[in-house]
Structures are given as structure tokens and as C-alpha cells.
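Single-structure report; data block below.
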Amino acid sequence: MTRTENEARRWLLGVDPRVYHWDTLFVKGKEMWRHVGHRPDALRQLRQMRKGDRALCYHGNPEHALYALVEVTRDPYPDPQEKGRYVVDLRAMERLPRQVALSELKQNPALKKMRFLKNTRLSIAPLAESEYAEILRMAGITASPGIPLP
């Protein structure tokens, strides 16, 4: 997936809600996010995130559902608490009007190539613009003429 210098990307960020619940971000409004884990592929993906990118927030076990929408507010930077790791700052945007269950994502033919669905243990996965738009549609968010999707 390539992008021009100023083109925002879309992501899916997954966490175990028993370890970190996305409501924490909504209470704080903005927060340094360090829940990407230690897998090299996840760290590689995190380093590709840029300020202005948007992400859909996923809760793993026991919910297995997309929960909210956030924005990256700072490019990746070294984690001040753990050497060799990177973090990004996230800003809470909105909870989805309707949570989208993993089972619904798997049943949607428009999402069959979505990387996250091939490995639901990923803590971070890129989304194609079409996948992002389809998931927002499923959650009850649609574009209006002249008003782009969040």
C-alpha cells in the first residue's frame, strides 16, 4: 500500500479490553498509545503511522468488535519508558454509533482481503480506503455530499 507524502492512511488498532479499554482514551481525550505489543511486524506498522491518520479501534476477547474512531496526533517517537520501542499519540474522535462484530466483518464480501481478518491477533493493521469506508457504513456512519467520511 503506497501513499503520497500528505495522504492520510487508515488503520485498525486492536487491544484486549481487559488490559486497555478504548474508553480510557475517551476519558482522557488524548493519550500516548503504547499497546502495540512486541511483534516486529506490529512495530513496523506503527512506525508507518503519521499525524492525521485515522484508526478504527477494536476490542479483542471477549467483545471481538470495532468500538471507536481515533486520530493520530503525532508521528511515532521513542517510548520514554521502554528503550527500542515506539509510540504514537492518539486523540479520541467518536465512539461508533453501532459496534461492528468480528463475525460481521468476516461475512462482508467487500472486506474479504482485509489483512486483519487473515490474522485477528494483529494489534495494528493497515486498512484500504474502501475497507475503512465499508466498515464505517456498517457502523452507521455514511458520507454526505460535500462532507467526507471522518
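The values are calculated or read from the model by the stated rules, or taken from the named source; none is laboratory data. This one's a predicted model, so the numbers in the text were calculated from it and none came from an experiment. For neighbour counting, all protein chains shown are included, and Cβ atoms are generated from backbone atoms with ideal geometry for every residue, glycine included.
Just a yes or no: is a residue in the range 28-47 within 23 Å of Glu134 (Cα to Cα), among the aromatic types (Phe, Trp, Tyr) and modelled with pLDDT of 90 or more? No, the range 28-47 contains no residue that is within 23 Å of Glu134 (Cα to Cα), among the aromatic types (Phe, Trp, Tyr) and modelled with pLDDT of 90 or more.
Could you check the range 31-70 and list, in sequence order, the residues that are in contact with a Gly (Cβ under 8 Å, 6 or more places away or on another chain) and assigned to a loop (DSSP other than H, G, I, E, B)? Gly60, the sole residue that qualifies. On the stretch given as the range 76-90, residues that are over 13 Å from Arg50 (Cα atoms) and surrounded by 14 or more Cβ atoms within 10 Å (Cβ to Cβ) total 2. Looking across Ser123, Ser103, Ser144, one residue alone is modelled with pLDDT under 95 and more than 15 Å from the chain's Cα centre (by Cα). It is Ser144. Sub-6 Å Cβ pairs linking a first residue in the range 110-137 that is more than 25 Å from Leu43 (Cβ to Cβ) to a second residue that is among the aliphatic types (A, V, I, L, M) and assigned to a loop (DSSP other than H, G, I, E, B), at least 6 apart or interchain, are Ala133/Leu149; Leu136/Leu149, ordered by first then second residue.
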